[in-house]
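The values are calculated or read from the model by the stated rules, or taken from the named source; none is laboratory data. All values derive from a computational prediction rather than experimental measurement. As a convention, Cβ positions derive from the backbone with ideal geometry for all residues, glycine included, and neighbour counts pool all protein chains shown. Surface accessibility is based on the protein's heavy atoms, side chains included, excluding ligands, DNA and RNA. Shrake-Rupley method; radii C 1.70, N 1.55, O 1.52, S 1.80 Å.
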Amino acid sequence: MLDPRDADELPGELDPALRDQVAHTTAAAMVHGARASEDPVVVERLVTLVEREGLDTVAGLWADSAPATLPGALWRLYALRDWVRRDPEVVALRYRLGVHAAPVAEVVAGVESPPGPDEVRSVADAVLSGVFAGDLAVALERAASFCRVVAVGATHDADERETTDPDAALRLTRGASALLRTAEDLEHAAALWRTDRLE
């Protein structure tokens, strides 16, 4: 794989086809390599990749990948985990607000009750662990359900702020919409994985 420092030395932008190839190759190597090794240390290192390498590095690899691809799905999972780790109190609050309106999604997401900051961080780690050591489709569906519950909670939060802070309410509504799109992308990726079409 091309070292990022070496890539920075190349003149001009990286060829989009090469970028796409690098994204798919690294994603496949990580997922299939971790599954082949079954080493919990390897899984832990992959789960904590963002802490070691930074979200920008991961984004550089996979952020431009289509949602219905392995690198696109991994990007969404790592971005979701990073958000949960950066703001667990807010995520936990929104999760609690959404739980009663989305009970089926709550069961699939698998967050312990009552959901607090530690519980949402744990489920984010467990989802990524499932990518590398469990059933990838289940991990993607858990992440999608988590997104759905938090999105519902964000809309409830937006409704409560509508009269006192309409700008914040609008941001929350847009965030909820983005979370629902992420949930749909992850569910589609899970369906593709089950039919051996997630590349």
| query | Once the piece of chain linking Glu199 and Ala29 is laid out straight, how much longer is it, given 0.36 nm per residue of separation minus the C-alpha distance between them? | reply | 60.1 nm
| said: Quick check for me: using +1 on Lys/Arg Cβ and -1 on Asp/Glu Cβ, what's the dipole size of the range 21-65 about its Cα centre, in debye to the nearest 20? | reply: 100 debye
| task | Determine the per residue accessible area of the range 73-199 with all protein chains present and a 1.4 angstrom probe, expressed in square angstrom. | result | 48 Å²
| said: How high is the relative contact order of the range 66-120? Use alpha-carbon pairs under 8 Å, at least six apart in sequence, and give a whole percent. | reply: 37 percent
| query | Which percent of the accessible heavy-atom area of the chain goes to carbon and sulfur, probe 1.4 angstrom? | reply | 53 percent
| task | Rounded to the nearest Å, what's the spacing between the alpha carbon centres of the range 43-76 and the range 129-163? Just the number, please. | result | 18 Å
| message | Please compute the modelled spin-label separation between Asp135 and Val41, points set 7 Å along Cα→Cβ, answer in nm with one decimal. | response | 3.0 nm
| Quick one: Karplus J couplings for the range 182-190, per residue in order, coefficients 6.51, -1.76, 1.60, θ = phi - 60°, nearest Hz, x for Gly and Pro? | 4, 4, 5, 4, 5, 5, 5, 4, 4
| Size of charge dipole - the range 99-199 - debye, nearest 20, with Cβ of Lys, Arg +1 and Asp, Glu -1, no other charges | 220 debye
| In nm, spacing of pseudo-spin labels at Val104 and Arg52 (7 Å Cα→C-beta vector) | 3.9 nm
| Dipole of the range 111-199 (Lys/Arg Cβ +1, Asp/Glu Cβ -1, origin at the Cα centre): which of Leu136, Leu172, Pro117 lies farthest to the positive side? | Leu136
| Per-residue HN-Hα couplings for the range 157-174 [Karplus 6.51, -1.76, 1.60; θ = phi - 60°; Hz; x = Gly/Pro] | 4, 4, 4, 5, 8, 3, 7, 8, 8, x, 5, 5, 4, 5, 4, 5, 5, 5
| Once amide H atoms are placed 1.01 Å from N in the peptide plane, what residues at a sequence separation of 5 or more from Asp64, or on another chain, have their amide H within under 5 Å of its amide H? | none
| request: As a check on your grasp of the helix formula, calculate [θ] at 222 nm for the chain: sum -39500 (n - 2.57) over DSSP H runs of n ≥ 4, divide by the residue count, round to the nearest 500. | output: -25500 deg cm²/dmol
| task | For Glu162 and Arg181, compute 0.36 nm times the residue count separating them, minus their Cα-Cα distance, and round to one decimal in nm. | result | 4.6 nm
| query | How large is ³J(HN,Hα), in whole Hz, for each residue of the range 111-120 in order, when computed from phi with the Karplus curve 6.51 cos²θ - 1.76 cosθ + 1.60 and θ = phi - 60°, using x for Gly and Pro? | reply | 7, 5, 9, x, x, x, x, 5, 5, 6
| query | Relative contact order (percent) for the range 1-152, with alpha-carbon contacts under 8 angstrom and 6 or more residues of separation? | reply | 25 percent
| remark: FRET efficiency (Arg171, Ala191; Cβ distance; R0 30 Å; to 0.05) is 0.45
